[in-house]
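Before any comments, here is the structure.
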Amino acid sequence: MASTGYLIMIRIKGSNIKLKIMKEATIQTPHPESGKRNKRISVEKYEIIKAAILEILQYLTPTHTELIDELTANLKYSFRDNTSWYGMTVKLDLEARKIIVRTSSKPQRYRVK
């Protein structure tokens, strides 16, 4: 996780104005497959999606499609970004961290380890 900022200096008619713009804190999410790299996303969005996925998995053992559909339905009014994209990214992260696992059934389902 990193939170960095940029210092920008603007010169307007002889006056120097300094602005510090803070960059949003991000997390590099790991991928469960060795050699593959997952995405860097906002820590805030990561925590929202992670909590929602783990909440769903407390009650269901969904397939991938069911998990994303449930996630989208649960966050419909509170998450303005692409829920399915963030859901997939965080799901892969949770698999890589061995917090959730895929079952060996067909179709594969997800559960908390």
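The values are calculated or read from the model by the stated rules, or taken from the named source; none is laboratory data. None of the values given here were measured: they were computed from a predicted structure. Glycine also receives a Cβ, built like all others from the backbone with ideal geometry; neighbour counts cover every protein chain displayed.
Data overview
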| item | result |
| --- | --- |
| Any hit, segment 31-39, residues being at pLDDT below 95, touching an Asp or Glu at 6+ places or on another chain (Cβ under 7 Å) and not in a helix (DSSP H, G or I) | yes |
| Segment 80-100, residues that are closer than 18 Å to Lys36 by Cα and surrounded by fewer than 17 Cβ atoms within 10 Å (Cβ to Cβ) | Trp85, Arg97, Lys98 |
| Total residues in segment 80-89, condition closer than 24 Å to Arg102 by Cβ and touching a residue at least 24 places away in the same chain (Cβ under 8 Å) | 4 |
| Where a residue in segment 45-57 is among the basic types (Lys, Arg) and its partner, wherever it lies, is part of a helix (DSSP H, G or I) and crowded, with 19+ Cβ neighbours inside 10 Å, with Cβ under 9 Å and at least six apart | Lys45/Tyr86; Lys45/Val90; Lys50/Val90; Lys50/Asp93; Lys50/Leu94 |
| Condition met for Glu66 (more than 17 Å from the chain's Cα centre (by Cα) and modelled with pLDDT of 95 or more) | yes |
| Candidate set from segment 35-50 (those that are within 14 Å of Leu92 (Cα to Cα) and of a type in the set (A, V, I, L, M)); member that is surrounded by the most Cβ atoms within 10 Å (Cβ to Cβ) | Ile49 |
| Selection status of Thr89, in contact with a Lys or Arg (Cβ under 6 Å, 6 or more places away or on another chain), of a type in the set (S, T, N, Q) and part of a loop (DSSP other than H, G, I, E, B) | no |
| Per-region count, segment 58-79, residues touching a residue at least 24 places away in the same chain (Cβ under 8 Å), assigned to a helix (DSSP H, G or I) and crowded, with 17+ Cβ neighbours inside 10 Å | 1 |
| In segment 40-54, the residues that are over 21 Å from Pro107 (Cα atoms) and in a helix (DSSP H, G or I) | Val43, Glu44, Lys45, Tyr46, Glu47, Ile48, Ile49, Lys50, Ala51, Ala52 |
